[in-house]
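The values are calculated or read from the model by the stated rules, or taken from the named source; none is laboratory data. Remember, it's a predicted structure, so these values are computed and weren't measured experimentally. Quick reminder, even Gly has a Cβ in these numbers, built from the backbone with ideal geometry, and neighbours come from all protein chains shown.
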């Protein structure tokens, strides 16, 4: 089965049963990429782990042999953060998929990293509790990956992203040490390793257990949909709602192209003549929802909404959300290829950025649909293109870089929830100064002195930064 | 004026005007401690800084001469985190006290580190915004110190502690590099330096600018007071309220001794026959507050409250809160001396911990009053003693250690909002393993390789940990 001549594979087989060590070019092929398949690499070997003790043993092996170690869960990541390293071991935590305990008094669940996001809410439902962060991939993505990317979701405006919903975790370092960060209480003395691990993309250690905060299920949720004559008016309404003191459970925006694509795809009943729509969930106690509704509806009207509708019932609400959730495949039908990017801007700058995206797209003769977490200022421009056209991919890459770098210019960032991975490693050189990058590398070295954990992702080298900055200067 | 023979003082005087360099044993005396005066030390020199450029210059001087650098703001800290180092420079950021800008659209304020906490809310009030974290010292403490200690407050249950209300900061490292962490958007790629700096007690760098999140002022606040026949019943009511899906703006608890002391001190109208009371603020839109009230009142009744009162008007609400806020000086009147400690436990373990505190106190023949942020599980036991009694201080220290270490035992931590400083450096050895302490030291070394920044605070050496653990073992 295994290429017994590879000493790393042989050593792995002494740690794990043979059926959980995968090697050989064809057998490792299913693991060559995550959900951004433009980046591919076949690992030297795949290790399917079932326990923290196995993770410790694999980490020690990698340290001893100085072999790169990339860890992943379900592989649903969108920035190639889980792309394997050709010379290294790919450690897969998916088999660690047990919910260890649910404590309804503490309102927490202790879970292994391979537990699928949605499983937690399903298991907690009997206690009227749920796990709030809900990335689009929540039926497949696992909590270990959610921590690695600090995943967001539609309901993170009100309830926070992953880091705000995790109270503790266990982390195996490349030395095989097991560290506990956080615990049952959010407040912890010492340096905040818990926050440090969130979004670190497997570069500081391997998460082997996560304690998540559970939230009481709201007793009522009502949905509003508002149509706007301009993208700017819809964007300004987003700020106005939050400014009025209401934090909706969800506050999403779709522009005309996204509306058109979705309406053709699954007929959610969106207004084809609107330049943009907002989809808004308000949740809480019934009276609280009524109170929020009484604030939000006039704000929408004052912001220039041409129509504001309340979902009549659960079925209509479901249909309206179905449209939003189908937006990516729907746009996919309008175009041979598409590429979704992820940036965040201050909420009150959304209008400026959407207008800039239009200008940039025209420059490269490309079309962009926008469907995104407006309340968080987390944009997801979907660039439509035909990969068979000459230089199409090149134009898409330039447009994506222009958009992300404009996000930085208005005080935003190059990612909201998809992470940096390999995809946006260049833009780190724009977002951060050399002193800041050097500091990130020093923090990485504090946990991973030989830089064996997910090398080449998230934090570029200083040389890489300088090269990219020179390249952009010569472009521009 | 200055002892010109000290080359450090001379070098400082080349950086700062002479009136902002303080040296000489008597002249530095006012700076010898923070608000935990049991720890005192006179610094070699005090530097009053007015700009980031001055901070950079002082940091470089300390690095060059390998001199310890302790930074502080208003000096209101309660764990000796700002106690000077005898051989080093004490850098005081209080003169950096300007609010640089308030952006009502972004709902943020950019401020210098010496700005007093309450000033921010005062300046933002015209925009109907406020800065939510409200430590008891908010009329005096400054935002730089709030970041250093990750300060909490009565209203942090609903609105979060400092780290959840800061979106960005500027940090000067001991090398004199200026780093930006965070920004106008909360989501940031790379490692979370913003979170890392919170609670780091000046050990990673000196904060020179803070961008804080502002919150819309709630349009209504109503207050409830509930009397309970047992401490346990009151504690259980705290969990039950949150479990019912309501997050009060404030949820505070006082036990019989605290009630008695306060009632004698300022007559807020508390029930002298209650074993414990809860003080609850509910805020938001008027309908939302009514909805929360309709949930909370029955929960209190079901939890065994013997009486639940609503504050009739603003004056009564103010009086009820005045009692809570006077609790420390009030307890001070009942006893020649008192010592307030700070620990956090999971909310549903409050009852167990309060009962344990009673048992421990009896062991050392001491009395303890309890008045605390119950919603956060953040306890503030006030140990009453007479410093003139033989071995009183020794008994107090042992009782404090027993309480803090019991907090750890039930899944809590040794601090909620006062920090570790020097006061609780021993307990770090109980809260964390050697591997975890070693990791903290590695993170410190990543930013402060010569360990010049606030040495000896927050993170103990491994030798210190081992000594303390042996000492506790021999204590029995």
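Residue-level analysis places residue A:216 outside the set of residues that are free of Cβ contacts under 8 Å to residues at least 12 places away in the same chain and either touching a helix residue (DSSP H, G or I) at 6+ places or on another chain (Cβ under 9 Å) or within 14 Å of chain B (Cβ to nearest Cβ) (or both). Candidates in the range B:439-449 are the residues that are facing another protein chain (nearest Cβ under 8 Å) and without any contact (Cβ under 8 Å) to a residue 40 or more places away in the chain; of these, the one that is nearest to the chain's Cα centre (by Cα) is B:440.
Sort through B:239, B:200 and tell me the only one that's assigned to a loop (DSSP other than H, G, I, E, B) and within 14 Å of chain A (Cβ to nearest Cβ). Exactly one of B:239, B:200 is assigned to a loop (DSSP other than H, G, I, E, B) and within 14 Å of chain A (Cβ to nearest Cβ), namely B:200. Taken over the range B:267-312, the criterion of being within 14 Å of chain A (Cβ to nearest Cβ) and part of a loop (DSSP other than H, G, I, E, B) is satisfied by B:285, B:303.
Of all the listed residues (A:86, A:82), the sole one being under 13 Å from the mean Cα position of the chain (by Cα), touching a residue at least 24 places away in the same chain (Cβ under 8 Å), over 25 Å from residue B:442 (Cβ atoms) and in the same structural domain as residue A:29 (by TED's automatic domain parsing) is A:82. Residues that are touching a residue at least 60 places away in the same chain (Cβ under 8 Å) and outside any helix (DSSP H, G or I) within the range A:1-33 comprise just one, A:28. Look at (1) crowded, with 23+ Cβ neighbours inside 10 Å; (2) at the interface with chain B (Cβ under 8 Å from one of its Cβ atoms); (3) at pLDDT 95 or above and you find that residue A:177 fails only one, number (1). Among the residues of the range A:155-174, just one is more than 8 Å from every other protein chain (Cβ to nearest Cβ), over 20 Å from the mean Cα position of the chain (by Cα) and not in a strand (DSSP E or B), namely A:174.
Screening residue A:105 on (1) on the phi < 0 side of the Ramachandran plot; (2) modelled with pLDDT under 95; (3) surrounded by 19 or more Cβ atoms within 10 Å (Cβ to Cβ) shows it passes everything except condition (3). Condition check for residue B:455 on (1) outside any helix (DSSP H, G or I); (2) under 22 Å from residue B:89 (Cβ atoms); (3) over 19 Å from the mean Cα position of the chain (by Cα); (4) within 14 Å of another protein chain (Cβ to nearest Cβ): one failure, at (4). Annotation note: of B:133, B:84, the sole residue that is assigned to a loop (DSSP other than H, G, I, E, B), within 14 Å of chain A (Cβ to nearest Cβ) and buried (at least 24 other Cβ atoms within 10 Å of the Cβ) is B:133.
Matching residues to (1) in contact with a strand residue (DSSP E or B) (Cβ under 9 Å, 6 or more places away or on another chain); (2) in a helix (DSSP H, G or I):
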site: B:390; (1), (2): no, no
site: B:394; (1), (2): no, yes
site: B:407; (1), (2): yes, yes
site: B:419; (1), (2): no, no
site: B:441; (1), (2): no, yes
site: B:467; (1), (2): no, yes
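When the range A:398-411 is filtered for residues that are within 10 Å of another protein chain (Cβ to nearest Cβ) and either surrounded by fewer than 23 Cβ atoms within 10 Å (Cβ to Cβ) or at pLDDT below 95 (or both), the ones remaining, listed by number, are A:408, A:410, A:411.
Sort out which residues of the range A:136-154 are away from chain B (no Cβ under 13 Å), crowded, with 22+ Cβ neighbours inside 10 Å and either in contact with a strand residue (DSSP E or B) (Cβ under 8 Å, 6 or more places away or on another chain) or under 14 Å from residue A:378 (Cα atoms) (or both), and write them in order of number. Within the range A:136-154, A:141, A:142, A:143, A:144, A:145, A:154 qualify. Annotation: of all residues in the range B:373-387 being within 13 Å of another protein chain (Cβ to nearest Cβ) and assigned to a strand (DSSP E or B), the one that is surrounded by the fewest Cβ atoms within 10 Å (Cβ to Cβ) is B:373. Scanning the range B:426-435 for residues that are surrounded by fewer than 18 Cβ atoms within 10 Å (Cβ to Cβ) and in a helix (DSSP H, G or I) yields B:434, B:435. Taken as a whole, the structure leaves residue B:460 outside the set of residues that are part of a loop (DSSP other than H, G, I, E, B), surrounded by fewer than 20 Cβ atoms within 10 Å (Cβ to Cβ) and in contact (Cβ under 8 Å) with a residue 12 or more places away in the chain.
Tallying residues that are more than 14 Å from chain B (Cβ to nearest Cβ) and either in contact (Cβ under 8 Å) with a residue 60 or more places away in the chain or not in a strand (DSSP E or B) (or both) within the range A:331-351 yields 8.
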